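Below: one structure, written as structure tokens.
The values are calculated or read from the model by the stated rules, or taken from the named source; none is laboratory data. What you are looking at is a predicted structure, and each value in this text was computed from that prediction instead of being measured. Counting neighbours? That spans all protein chains shown, and the Cβs are built from the backbone with ideal geometry, glycine included. Ligands, DNA and RNA are stripped out before the accessible areas are found, and what is left, the full protein with its side chains, is counted by its heavy atoms. Shrake-Rupley method; radii C 1.70, N 1.55, O 1.52, S 1.80 Å.
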Amino acid sequence: MLVSLLFVVIFALLIVDVWSHPEHLECSNPLAVNSVIMGRPAVSSNSRSLIIKRGSTVLNSGDSYVAGEVLTVSSSATTGCLIYETENGNFGAGGRCNGLRFIPSANEASLTMPKTGTVKVKMGFALQYGTVSITDSFVLTAPAAVVSPTVSSVPAPTASMPPTYYTAASNTEDSNLVSYPSSMNQNLAVGLIIGVLGFVFVCLSVKLYLVSYEKGNMAMIHYVLSFPISSILAIIFAGAALGLVSAWAQNHNTSTQFGFLNKPNWDNNVAAWHPVLMVGGFFFSQVVAICSWSLFSHQHAVGKVFHVFFQLAAMSTMIAGLCAMVHHLLQMKAESLTTMHSWVGVAAVSVFGVTFLWGAGMSTLTAFHPESLLRKAFDLRRMHQTIGLTAFGLTTVAILTGINNSLGQGACAYVITTSYTYKADVNPAENYGSLPKACKIANGMGICVLLAAVCVFIAVSNRPASSPSAITADKETNAFQVVKSKEEVDLAVA
């Protein structure tokens, strides 16, 4: 049953290839360049244009309107999905967001003009689930007021009033080409100090290990390696990633701050559930399940309970996360499996399904038929560990590539304020504060995921090949064989 559900979910990911729905664009989300729409910052494009008519007469941007008249708005191309937005006009009862937006079903829309004020109209369009393009605003000016002619009071040019061809700002534009920030030397010194201290620490650690090995005094080294510090750090980093993905899934998007996932909602924002469940559930549960053997290395039964429980939690959150993404793709009518993230993700869940079933089968075989030929012929535990670590590694890569996809192009862009010679960002730390908040949170989560994965692999590499009970049994068997061999030698000599 579980295998069938897993393959149904994966198959659903493979077959989805449809279009997007602009009606899911919330009124609070601006239809503007760099605004995050459908998971990516919108871009400016004039590949298609607005057509506004007064009856059969086509108007041009900059023309004036008649107060109260109704104009017809349409697009030069009708493929894909469209949405119109006006400023100061009104699309009437068929419009959205108090008549400021309109989603055409047959391309055309009726726009009512106000009594006064400039009217602007723009269009957003997308061919598939991806980057939304936004046209330049089509401007209609208010009717010109009739005024009586007056004599111009502008004085005629004189010799003392030369024309101005450049401003003071443009004259001093390159005045800082030879200046350097006052903090440059300070930042360089701090970086050198940290680098030297790190190098010294590594050298001292290597020297301590070599001296201890040469003197045969490895007790301290063995104690450090046997202590489950790597497992503890892995769980701490995974917990930090869980907290950061929760902070990322908040409603903090504005016209200047974008890239947040918004709060997960199964009706309006189901896509946000996917990273939350995959990082906070699937990844975190895998970390605890793997590290449970190191944390309870001398309590095999307790470690097994933790391992099984968190493997079940990983499977449950994985299925829920996949269902959330499939629901989102069906809701948005979007194409799938077009990125490295999607392919690595499918590989991760597939391999995890194999290791989950492998572990369940191995435990069943051990419980009901411990002396089976299969257990004697193959090291099932080692194979289970190898497959599980492969699934965990693929999960880590899927998360890291998913962060890049979710942020989208431009989500981490900022204005360089450095005053170096060529105005290049040669010291990113100087502009770190300018990074968008969502970018800091998402990339920080990625760093925590990567550190957790490194700690997990270190913890696994320090584990013995067999459980303590198995090691004890092997030692007893070897001792018995040594004694038996010695008795046989003594008998042969006698």
Sorted by chain and then number, the residues having a modelled amide H within less than 5 Å of the amide H of ALA32, at least 5 places away or on another chain, are none
In whole percent, how big is the carbon plus sulfur part of the accessible area of segment 283-390, probe 1.4 Å, protein atoms only?
-> 74
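What FRET efficiency, computed as 1/(1 + (r/R0)^6) with R0 = 56 Å and r the Cβ-Cβ distance, is obtained for VAL206 and ASP267, rounded to the nearest 0.05?
Numbers: r = 57 Å, r/R0 = 1.02.
That gives a FRET efficiency of 0.50.
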Cα-projected label distance for ARG381 with ALA144, points at 7 Å along beta-carbon direction, nm | 9.1
Counting only DSSP loop positions in segment 254-359, the chymotrypsin sites (Phe, Trp or Tyr not before Pro) whose Cβ has at most 14 other Cβ atoms within 10 Å are TRP266
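From the mean inverse distance of alpha carbon pairs (Kirkwood) and the Cα radius of gyration, derive Rg over Rh for segment 256-302.
On the way: Rg = 16.8 Å, Rh = 13.1 Å.
With Rh from the inverse mean 1/r over Cα pairs, Rg/Rh is 1.28.
Top to bottom by accessible area (1.4 Å), largest first, where do HIS328, HIS252 land?
On the way: HIS328 20, HIS252 90 Å².
Ranking HIS328, HIS252 by accessible area, largest first, yields HIS252, HIS328.
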Between ALA301 and SER61, with labels modelled 7 Å along Cα→Cβ, what's the label distance in nm to one decimal, could you check?
-> 7.6
Roughly how large, in nm² to one decimal, is the mean projection of the convex hull of the alpha-carbon atoms in segment 255-414?
-> 12.0
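Gain in length, THR79 to GLU371, computed as 0.36 nm per residue apart minus the alpha-carbon separation, to one decimal in nm? Spell out each step's value before the answer.
Numbers: separation 292, 0.36 × 292 = 105.12 nm, distance 6.62 nm.
Computed gain between THR79 and GLU371 is 98.5 nm.
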Which residues' amide hydrogens lie under 5 Å from the amide hydrogen of GLY259, considering only partners 5 or more residues apart or on another chain, with H built in the peptide plane?
-> VAL36
Per the rule of 0.36 nm per residue minus the C-alpha distance, extending VAL196 to VAL426 adds in nm 80.7 nm
Would you kindly work out the equivalent ellipsoid of segment 42-140 from its C-alpha gyration tensor and give its semi-axes, the square roots of five times the eigenvalues, largest first in whole Å?
-> 22, 14, 12
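Gain in length, ASN107 to ASN46, computed as 0.36 nm per residue apart minus the alpha-carbon separation, to one decimal in nm? Walk me through the numbers on the way to the answer.
Numbers: separation 61, 0.36 × 61 = 21.96 nm, distance 1.73 nm.
Gain in length upon complete extension: 20.2 nm.
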Spelling it out for SER64: with amide H atoms placed in the peptide plane at 1.01 Å from N, the residues 5 or more places away or on another chain with amide H under 5 Å from its amide H are THR141
